[in-house]
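Worksheet: one structure, shown below.
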Amino acid sequence: MSYPVKYSASFVKEHIAQTVSELRATGVINDRVVFLVMLNGGVWFAQHAFDCIPEIPNEVYMLKGHSYSGKQRGKFYWDYFPDLNLKEREVLVLDDICDSGATVNTLYHFLQPKVAKVSFFTLLKRSFAVVEEGVELYTCIEDDSHDFFVGCGLDDNGLYRMLPYIGIVK
């Protein structure tokens with residue numbers, strides 16, 4: 001299946017590298033931060049972000065939750081969260097998209113009392129996503145459309161996550 005390209009592979013990789021560089025310069029990405037990667041969509045994004053920081057010896061853990069059923073958003077549900085002691089730790093959560101803000105807000109309230117600092121880093125953020133006050137969210141690409149996307153970790157019912165570009169599902 002072919003999807004019209006919204007953001008090319010080179011555009012996506014350039015924006016990931018640029019944002020990672022900014023996060024390193026401001027100290028958000030450092031040698032003490034623990035990376036929490038949301039499965040499944042965050043894996044593609046995390047791998048490309050980690051390619052920009054190969055020398056940093058950080059811990060990486062996977063999380064799994066969902067707020068989608070097919071293409072419909074709903075309440076956030078946990079599928080898996082590892083049993084970790086994150087007291088006194090800085091945490092950076094990586095995910096493919098901040099679509100409505102549900103995942104970011106849910107994770108913020110879950111993690112904030114358990115860690116020294118929690119921040120979020122997404123490949124894509126919808127301009128209309130509602131992120132609560134106090135949440136520190138960094139994003140590579142902001143999009144103001146209501147398009148449904150595939151590629152770069154984003155999927156259509158579990159398929160096409162590995163496309164190297166972000167395409168529009170018609």
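The values are calculated or read from the model by the stated rules, or taken from the named source; none is laboratory data. The structure displayed is predicted, hence computed values, not measured ones. Here Cβ is always computed from backbone atoms with ideal geometry, including for glycine, and neighbour counts include all displayed protein chains. Accessible surface is based on the protein model in full, side chains and every heavy atom, while ligands, DNA and RNA are left aside. Shrake-Rupley method; radii C 1.70, N 1.55, O 1.52, S 1.80 Å.
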| note | In the stretch 30-49, anything touching a helix residue (DSSP H, G or I) at 6+ places or on another chain (Cβ under 9 Å) and open to solvent by 10 Å² or more (accessible area, probe 1.4 Å) is listed as Asn30, His48
| query | Looking at Ala102, is it hydrophobic (A, V, I, L, M, F, W, C) and under 20 Å from Leu154 (Cβ atoms)? | reply | yes
| Quick check, is Leu63 farther than 23 Å from Glu142 by Cα and in a strand (DSSP E or B)? | yes
| said: Give me the strands (runs of 3 or more DSSP E) completely within the stretch 123-170, filtered to those with at least 3 residues that are touching a residue at least 12 places away in the same chain (Cβ under 8 Å) and more than 15 Å from the chain's Cα centre (by Cα), ordered by residue number. | reply: 166-169
| remark: Of the conditions (1) in a strand (DSSP E or B); (2) closer than 28 Å to Phe148 by Cα, the single one that Val91 does not satisfy is (2)
| Single residue of the stretch 89-131 satisfying the filter (charged (D, E, K, R) and in contact with a Lys or Arg (Cβ under 6 Å, 6 or more places away or on another chain)) that is least open to solvent (accessible area, probe 1.4 Å) | Asp99
| task | State whether one or more residues within the stretch 97-118 are closer than 20 Å to Leu39 by Cβ, of a type in the set (Asp, Glu) and in contact with a Leu (Cβ under 7 Å, 6 or more places away or on another chain). | result | no
| Looking only at the stretch 134-170, which residues are over 18 Å from Thr122 (Cβ atoms) and of a type in the set (Phe, Trp, Tyr)? | Tyr160
| task | Considering each residue of the stretch 23-49, count those that are in a helix (DSSP H, G or I) and touching a residue at least 12 places away in the same chain (Cβ under 8 Å), and give that number. | result | 10
| task | Count, please, the residues in the stretch 140-170 that happen to be hydroxyl-bearing (Ser, Thr, Tyr), more than 20 Å from His66 (Cβ to Cβ) and surrounded by 14 or more Cβ atoms within 10 Å (Cβ to Cβ). | result | 1
